[in-house]
1. Against the longest alpha carbon principal axis of the chain, how many degrees, from 0 to 90 and to the nearest 10, is the axis of helix 116-129 turned?
2. Could you sort 212-221, 22-31, 225-234 so that the peptide with the highest average Cβ count within 10 Å comes first and the rest follow in order?
3. With θ set to phi - 60°, apply the Karplus curve 6.51 cos²θ - 1.76 cosθ + 1.60 along segment 15-31 and write out the HN-Hα couplings as whole Hz, x wherever there is a Gly or Pro.
4. Calculate how steeply helix 145-157 sits against the longest principal axis of the alpha-carbon atoms of the chain, using the helix alpha-carbon long axis, and give the answer as 0 to 90 degrees to the nearest 10.
5. Segment 1-55: which trypsin sites (Lys or Arg not before Pro) are DSSP loop and have at most 10 other beta-carbon atoms within 10 angstrom?
6. From the phi angles alone, apply the Karplus equation (6.51, -1.76, 1.60; θ = phi - 60°) to segment 91-104 and give each ³J(HN,Hα) in whole Hz, x where the residue is Gly or Pro.
Amino acid sequence: MISLRNVTTAFAARGKDPVIAVEDVSLEIPQGSIQGIIGFSGAGKSTLLRNINLLERPTVGEVEVAGIELTSLDDEELRQARHQIGMIFQGFNLVNNLTVLQNVELSLKFAGERNRSVRQVRAAEALEIVDITEKATSYPAQLSGGQKQRVAIARALATRPEVLLCDEPTSALDPFTTATVLQYLADVNRDLGITVVIVTHEMEVIKALADDVAVMEGGRLVEKFPSADLHREDFTPETSIGRYLMSEGISVDRGLSAAGGAR
């Protein structure tokens, strides 16, 4: 479904050496799967995600989605191909002076759907998928963070994409709301067959949702494994991030200080 081949992305500022955000990454993501990409801040994972729909065009390498090599397309062909790739952003990116329904319709406008009735029907269908139809006439300021993210998911689904890219979709949410949003992503993957790629630094999100895990450090893809391996007693990840995924999470030493005194 998604094939990244030797992708490198460099950002150049005048008078300065280029900054390599992604370096020589190759990754195959099967159709209908949920791919997790994890790494600390600055690892290059969000840039790699944006390479998939060419919001950030790679400096070198090829990107293929659903059999179409995006890196070979002209601007109009790329615009058409992007209709099959939905995206969910960390900051929701809703338009404050539009209602929930109008926000979801907006993606269909950008996709070239001119018939308002068709847009409204499709938008209503998308809102129903994430169980937020009752907020159709509300404005973003009237919604909780979790509701805003559900609207963002609906907006991404309205064009009926084959791929859904998620950039830190739960980082601004509380744990209960995070679990709710992840369940909706799991549901659309299972029920609609949409391939999901999720970038996050939250270990629990990857453990709960992903079929496969890719670990990034310093712009490079340093480790890949099926998430099922995390439950194998004989599996030891190569990286510190991978090993952390197998731990119970945050651990703090509340014992004696190094000097021998109580903390």
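Taken together, the values in this text are just the output of simple stated rules run on the coordinates, not laboratory data. Everything numeric here is computed off the predicted structure, so don't read it as measured data. Cβ sites come from the backbone with ideal geometry, for glycine too, and all protein chains shown count toward neighbours.
1. So the inclination is approximately 30 degrees.
2. Per-residue mean Cβ counts within 10 Å order the peptides as 212-221, 22-31, 225-234.
3. These are the phi-based 3J(HN,Hα) values: x, 10, 5, x, 9, 8, 8, 9, 10, 6, 9, 10, 8, 10, 10, x, 4 Hz.
4. Relative to the chain, helix 145-157 is tipped by roughly 60 degrees.
5. R14, K16
6. Karplus-based 3J(HN,Hα) across segment 91-104 equals x, 6, 6, 8, 8, 5, 8, 10, 5, 4, 4, 5, 5, 6 Hz.
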